[in-house]
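First comes the structure, then the notes that go with it.
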Amino acid sequence: QAAAGGGRAALRACGVHNVCRLLSRRAHGFYARDAGVAHRKNLGLLRKIMCQESTKFKNVWTTHSASPIAYERGRIYMDNYQCCITSIAQQPRLIYQKSKCAKSEKIEDALLLECPLGELLPSPSDYKASLIVLTVQNWLLRLSADSGEVLEKVYLAGSCCKFFRYLSWDTPQEVMIVKSAQNKLPAAARQAGIQQTVLFYLAVFQVLPLSFIGMLEINKKIFGNSVTDVAVSNGILIVMYSMGLVRLYNFKAILEQFMEQSFELGQEFNWNGQVGVVGKYPFGLPCNIKITDTPPLLFEASSLENAFQIGGYPWHYIITPNKKKHKGVFHICSLKDNALAKNGIQDMKCCSLEPDWIYFHPDMSGRIIHVGPNLIKVLKLKEVKNHADQMEIAEDFTIVANRENCVNNSVTVTASGRVVKKRFTLLDDDPEQETFKIVDYEDELDLLSTVAVTQIGADGRAHLDFHCNEHGILLKSIPLKESWDVTYSHEVYFDKDLVLHIEQKPNRRFSCYVYQMVCARDDD
């Protein structure tokens, strides 16, 4: 309220009555007392410093592990989240180390929970970052991000389900979904003719304070026999089928329509003949949302491998026609009437082992990023001239891999004059040619980052490049010191002044390389 009042006062003081003008003036720092001005200025300075030629990124820390390594907002987690290391310091240092946990306490999934702004919370610990983890024994724990201390614990599985495995956000930092593994009967039960109708269970929570909304089942009798997976995102229940069909339902409407009774964590009650406490062992959570009829369908589409995305403005979706011969071909269509946008078929015609990929830009600009082995296209939606109701796909900018020294002649002449013809041509993602492997977006600095790799013999070399998100201009290139094997799994995180590379080698061997920004002096 104070911020809103200050904004209105500033608006009256400067005589600006247009919201767009006000936002533009705020972006340029006209209102020095605005809480966001200093932060925006600091990030602008950091971006300029980072992109200076004299600024380097130095490998300050390397570690290896026999268990997976995870990164979340300045914290590196190892040993199944029992060890936490901060990467914000000049050199990574230990935050906490817990004793090794038993197999029954193994963590299956985790989400970082951060304090919402401008809200009063019941506990002082709620104002600090915490980690929500899901254990193999169906316990949902909220841990302090600073100490690993258990702040809250909820037992999930009662008589209905024993295999909760996945955490995800419906609304980021507000509504969380806990999903079970797919229920499958043992072979002996199937041979005996026993039918399994419940495929998945979904438990829904409001976070900070942590509260139980409800649990529901995804049943064959309601959604069909060929369901392969489900997900919830932004208030939409997404149901995927084996034949490539994707169906969307209003998740909020489902909760409201089919909830039989609401419950609170810690509440004692009698439910279907069982007496227990909500969220406590051994009862767990009641399945209090019973879908008795097929909910109204919002939208459906058929796409190869269930690949389906929604974004852009006005709303569009991206699919691949549901035939194997169309793999790598993307159709961009209007969500309103399913009309294919002009130039809406995107096909790079790549001849490569790994397919190209496409997605809506995470900067909320409505643009689309299409990544191939040697080319990144940033596309935009715009109105067709003289046809305001029709949209077309236009190229905003492209980023091209450096293959200037690449020669791929099918015919060569030896020193003796003999003509030799090659019987094969190089793939577009041949390891000896520079190939894009990762594309990401750093929202606070408004930079598009790319990782390009070239394999020379057994030694692979990679570099991380920063591009202007608006125009695609190359601003900075950072060589990664470690060798990059294209057959391994890699993750690269760019977080303000930090670059972190996590590598998974065969036989579950993991490595982590941390780079910090170093501002060198002109005379260095």
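The values are calculated or read from the model by the stated rules, or taken from the named source; none is laboratory data. Everything quoted here is computed from the prediction, not taken from an experiment. With ideal geometry, Cβ positions are generated from the backbone for all residues, glycine too; neighbour counts draw on all protein chains shown. The accessibility values were calculated without ligands, DNA or RNA, using every heavy atom of the protein model including side chains. Shrake-Rupley method; radii C 1.70, N 1.55, O 1.52, S 1.80 Å.
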Quiz item: From the list 208, 199, which residue is in contact with a helix residue (DSSP H, G or I) (Cβ under 8 Å, 6 or more places away or on another chain), assigned to a loop (DSSP other than H, G, I, E, B) and of a type outside the set (Lys, Arg)?
Solution: 208
Quiz item: Which ones in region 481-524 are within 17 Å of residue 460 (Cα to Cα) and acidic (Asp, Glu)?
Solution: 482, 485, 491, 503
Quiz item: Which one of these is within 28 Å of residue 366 (Cα to Cα) and surrounded by fewer than 17 Cβ atoms within 10 Å (Cβ to Cβ): 340, 237, 248, 304?
Solution: 340
Self-check item: Enumeration of residues in region 457-480 that are part of a strand (DSSP E or B) and acidic (Asp, Glu)
Solution: 459, 465
Self-check item: Qualifying positions in region 236-259 - in a helix (DSSP H, G or I) and of a type in the set (Val, Ile, Thr)
Solution: 254
Quiz item: How about region 260-271: which of its residues are on the phi < 0 side of the Ramachandran plot and part of a loop (DSSP other than H, G, I, E, B)?
Solution: 260, 261, 262, 263, 264, 265, 267
Quiz item: Applying the selection to region 297-324, what residues are outside any strand (DSSP E or B) and in contact with a Gly (Cβ under 8 Å, 6 or more places away or on another chain)?
Solution: 303, 304, 305, 306, 312, 313, 320, 322
Quiz item: Quick one: in region 434-456, which of the residues that are part of a loop (DSSP other than H, G, I, E, B) and open to solvent by 20 Å² or more (accessible area, probe 1.4 Å) is modelled with the highest pLDDT?
Solution: 446
Self-check item: Odd one out for residue 355, checked against (1) touching a strand residue (DSSP E or B) at 6+ places or on another chain (Cβ under 8 Å); (2) closer than 16 Å to residue 437 by Cβ
Solution: (1)
Quiz item: Checking residue 214 against (1) open to solvent by 20 Å² or more (accessible area, probe 1.4 Å); (2) in contact (Cβ under 8 Å) with a residue 40 or more places away in the chain; (3) not in a loop (DSSP other than H, G, I, E, B), which single condition isn't satisfied?
Solution: (1)
Self-check item: Residue list for region 491-509, filter: closer than 17 Å to residue 59 by Cα and either touching a residue at least 24 places away in the same chain (Cβ under 8 Å) or open to solvent by 60 Å² or more (accessible area, probe 1.4 Å) (or both)
Solution: 491, 492, 493, 494, 495, 496, 497, 498, 499, 500, 502
Quiz item: Considering only residues of region 251-286 that are open to solvent by less than 10 Å² (accessible area, probe 1.4 Å), touching a Leu at 6+ places or on another chain (Cβ under 9 Å) and in contact (Cβ under 8 Å) with a residue 60 or more places away in the chain, which is farthest from residue 164 (Cα to Cα)?
Solution: 251
Quiz item: In region 272-296, how many are farther than 18 Å from residue 216 by Cα and either part of a loop (DSSP other than H, G, I, E, B) or touching a Ser or Thr at 6+ places or on another chain (Cβ under 6 Å) (or both)?
Solution: 3
Quiz item: Taking region 307-318 as the search range and keeping residues that are in contact (Cβ under 8 Å) with a residue 60 or more places away in the chain and buried (at least 16 other Cβ atoms within 10 Å of the Cβ), which one is nearest to residue 198 (Cα to Cα)?
Solution: 308
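If only one of 162, 184 is open to solvent by 60 Å² or more (accessible area, probe 1.4 Å), modelled with pLDDT of 80 or more and in a loop (DSSP other than H, G, I, E, B), which one is it?
184
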Exercise. Identify, from the list 117, 134, 113, 121, the residue that is at pLDDT 95 or above and closer than 29 Å to residue 265 by Cα.
Key: 134
